[in-house]
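Have a look at the structure below before the remarks.
The values are calculated or read from the model by the stated rules, or taken from the named source; none is laboratory data. From a predicted model like this one, the values you see are computed outputs, not experimental measurements. Here Cβ is always computed from backbone atoms with ideal geometry, including for glycine, and neighbour counts include all displayed protein chains. Heads up: the accessible areas ignore ligands, DNA and RNA and are worked out on the full protein's heavy atoms, side chains in. Shrake-Rupley method; radii C 1.70, N 1.55, O 1.52, S 1.80 Å.
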2 protein chains.
Amino acid sequence: MKIIRSVNLMTKSVLAQKAARRSVGFVPTMGALHEGHLSLIRKARLDNDIVAVSIFVNPAQFGPKEDLKKYPRPVNKDISLCRKAGVDFLFYPRSQEIYPEGFKTYVTVEGLSSLLCGRIRAGHFRGVATVVLKFFNIVRPDTVYFGQKDFQQVVIIKRMVSDLNIPVKIKVMPIIREGTGLALSSRNIYLNKEEKKATLAIPKALNLANILIKGGLRDSKRLISRIKMIIEKEKKVRIDYVAIVKEDDLTPVNKITGKCVIALAVCVGKTRLIDNMAVKA
Amino acid sequence: MKIIRSVNLMTKSVLAQKAARRSVGFVPTMGALHEGHLSLIRKARLDNDIVAVSIFVNPAQFGPKEDLKKYPRPVNKDISLCRKAGVDFLFYPRSQEIYPEGFKTYVTVEGLSSLLCGRIRAGHFRGVATVVLKFFNIVRPDTVYFGQKDFQQVVIIKRMVSDLNIPVKIKVMPIIREGTGLALSSRNIYLNKEEKKATLAIPKALNLANILIKGGLRDSKRLISRIKMIIEKEKKVRIDYVAIVKEDDLTPVNKITGKCVIALAVCVGKTRLIDNMAVKA
């Protein structure tokens, strides 16, 4: 595995592979890798000749009051995990390599970026779209892998790829959960024992909603209120939003028809967590 | 020459050429081609195996009160000029091919886009940056050709290409002028005889400034006031701005040192014209 810190070397290395007609799969991450990331890397490994992974805690997607500084950076462990997973190129750039002095260009997917998580995290998805577009241009992957855990991010990146005619295929892999049902997240390490216990209300509420939908309940308002009731029983959990939306454009639905996504964000202590579940009727 | 109206076919056609290791030069235009455009096409022809030209009057770069509807579209003449100039691919897409329903993604080069022309033309450079990035992804050129006439546009696109790691080389070709000194522009056809005569003050003022600089005058304020004096003698010409700025980041300079650009915009009747001159001390 080559660890690459320079943009130019990353592009050169990948172009040499593409010149030899090898397919390139790419998994962009912020590091602190867990089984969710590893499931993407394994899928990329299965699908492609060459696998590139990036580790970059992207300052542009953190708000001024968010956890940029304390975001976990267990670099040696991440490197070892990538090596074991058969990664060919680990792109691990410094911040000034990605945002050099005088940087001024941003990509915005309007509308989609101000809904759900975007209501609280102003500028977050602008930072995401910008860095993802940059990494697409640097790594030139044939296929890129994202986790369904970051549902809104996936919708926004798919829209950007289509709108800007970006030559890349997107594959989305399912959420990986702990035995307890909690969705894996690099931020789970912020949780203390009590907080962790409280988070169990989240998968419990999503699962109940799914059962109710299978049982015939279609009304979003009633479903949302049932979800909130379960989560609100936990004093340590504060709901940011619970929404049921169309899977392709985040439009809220009143009645569940076809494929929808129940998406939610909560704060547990100081830790913000998101989760979602695809449902259909 | 192939005339191509579909995005997919355009990309396919160019990729076939690139697979055969032919270099691709690209000249994006809004049509109404004049000698300025043709100088870019000729240079692209000289430098590359394959030349692609686009003709697309980009709605995203026109303000609600601007001349989108009446912008000249002499398509048959343009086609014939491209054919004569040895163009291989003429990309001439319909608007809904470029901005399909649900389009939401825009590229903004912050700071640079709100200066000079951007002060009056809000959103203009956002529209330019967005369509240019799209066309880069559709046409995949090795080298793209722009005219120095659109100086601010060139600065913004260079910044975008660098910031977003876009794999394209940019070449900028000099302004082409009529015998009278007026810079060629597709909008010159809006001018009546009297207005056209009045525009001569523009190159006259720029030339005088250049002479003054060569004679030792370095103070921007005094130079700008001399330029304005000459232009303001023409009753039909209303000055939008006259500025002396750094050539790479549009920062205004107080004293001319090194390479600078005198940039200006005026209205002659209802027609908005821009011009500029590179100067150095």
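Things worth noting here:
- Over 23 Å between alpha carbons, listed pairs A:Lys104/B:Lys255; B:Lys193/B:Lys233; A:Lys70/A:Lys193; B:Lys70/B:Lys235; B:Lys104/B:Lys134; B:Lys149/B:Lys259: A:Lys104/B:Lys255; B:Lys70/B:Lys235
- Remark: the range A:2-173 carries 42 Å² of accessible area per residue (probe radius 1.4 Å; ligands, DNA and RNA excluded).
- Rounded to the nearest whole Hz, the Karplus-based 3J(HN,Hα) values (6.51 cos²θ - 1.76 cosθ + 1.60, θ = phi - 60°) of the range A:33-48 follow the sequence 5, 10, 4, x, 4, 5, 5, 5, 5, 4, 5, 4, 4, 5, 8, 10, with x at glycine and proline.
- Antiparallel content of DSSP bridges confined to chain A, in %, to 5: 55 percent
- Working note: Karplus 6.51/-1.76/1.60 with θ = phi - 60° gives the range A:71-77 the couplings 4, x, 9, x, 4, 4, 5 Hz, where Gly and Pro are set to x.
- Straight-line reach from A:Lys197: taking Cα to Cα under 15 Å and skipping same-chain neighbours fewer than 8 places apart, the aspartates and glutamates in range are A:Glu178, A:Glu232, A:Glu234.
- Residues considered: A:Lys193, A:Lys134, A:Lys158. Largest GNM mean-square fluctuation over chain A, using C-alpha springs under 10 Å, is found at A:Lys193.
- Nearest 10 degrees, 0 to 90: helix B:124-139 Cα axis against chain B principal axis: 30 degrees
- Note on the protein assembly as shown: with charges restricted to the Cβ of Lys and Arg (+1) and Asp and Glu (-1), its dipole about the Cα centre is near 180 debye.
- Closest-to-axis residue of chain A (Cβ criterion, axis taking A to B), whole Å: A:Val107, 3
- Nearest-0.05 FRET efficiency for B:Asn192 and A:Leu208, computed from C-beta distance (R0 51 Å): 0.10
- Per-atom-type breakdown for the range A:1-107 gives carbon and sulfur 52% of the accessible area (1.4 Å probe, protein chains only).
- Net dipole in debye of the range B:204-281 [+1 Lys, Arg Cβ; -1 Asp, Glu Cβ; about Cα centre; nearest 20]: 320 debye
- Interface area, chains B and A: about 2300 Å² of buried accessible surface, summed, with a 1.4 Å probe and ligands, DNA and RNA left out.
- Taken per residue, the accessible surface of the range B:186-280 reaches 54 Å², heavy atoms only and a 1.4 Å probe.
- Percent carbon-and-sulfur accessible area, the range B:186-280, ignoring ligands, DNA and RNA, probe 1.4 Å: 52 percent
- Dipole magnitude for the range B:2-173: about 260 debye, using +1 per Lys or Arg Cβ and -1 per Asp or Glu Cβ, origin at the Cα centre.
- DSSP finds beta bridges in the protein assembly as shown, and of those with both partners inside it, around 55 percent are antiparallel.
- With a 10 Å cut-off around each Cβ of A:104-114, the average count of Cβ atoms from other chains is 6.
- Using alpha-carbon coordinates, inclination of helix B:220-232 to the longest axis of chain B, degrees: 90 degrees
- C-alpha long axis of helix B:7-19 to longest principal axis of chain B, angle in °: 80 degrees
- Rounded to whole numbers, the Karplus 3J(HN,Hα) couplings from phi for the range B:55-67 are 10, 7, 7, 7, x, 5, 9, 9, x, x, 9, 8, 9 Hz, using 6.51 cos²θ - 1.76 cosθ + 1.60 with θ = phi - 60°, and x at Gly and Pro.
- Inter-copy label distances at B:Ser114, using a point 7 Å along Cα-to-Cβ, come to 1.6 nm with the shortest given first.
- Rolled with a 1.4 Å probe across the full set of protein chains, the surface gives B:Thr143 an accessible area near 10 Å².
- Other-chain or far-sequence residues with amide H under 5 Å of B:Ile3's (modelled H): B:Leu90
- Once backbone amide H atoms are built at 1.01 Å from N, B:Val253 has B:Ile244, B:Val245, B:Lys246 as its partners under 5 Å, excluding neighbours fewer than 5 places away on the same chain.
- Simple label model, 7 Å out from Cα along Cβ direction - B:Arg238 to B:Ala19, nm: 5.6 nm
- Mean per-residue shielding of peptide B:127-138 is 3, counting Cβ atoms of other chains within 10 Å of each Cβ.
- A point 7 Å from Cα along Cα→Cβ stands in for A:Glu35, and the other copies hold the same point at 7.2 nm, listed in rising order.
- Label positions at B:His34 and A:Arg83, each projected 7 Å from the Cα along the C-beta direction, are separated by 6.4 nm.
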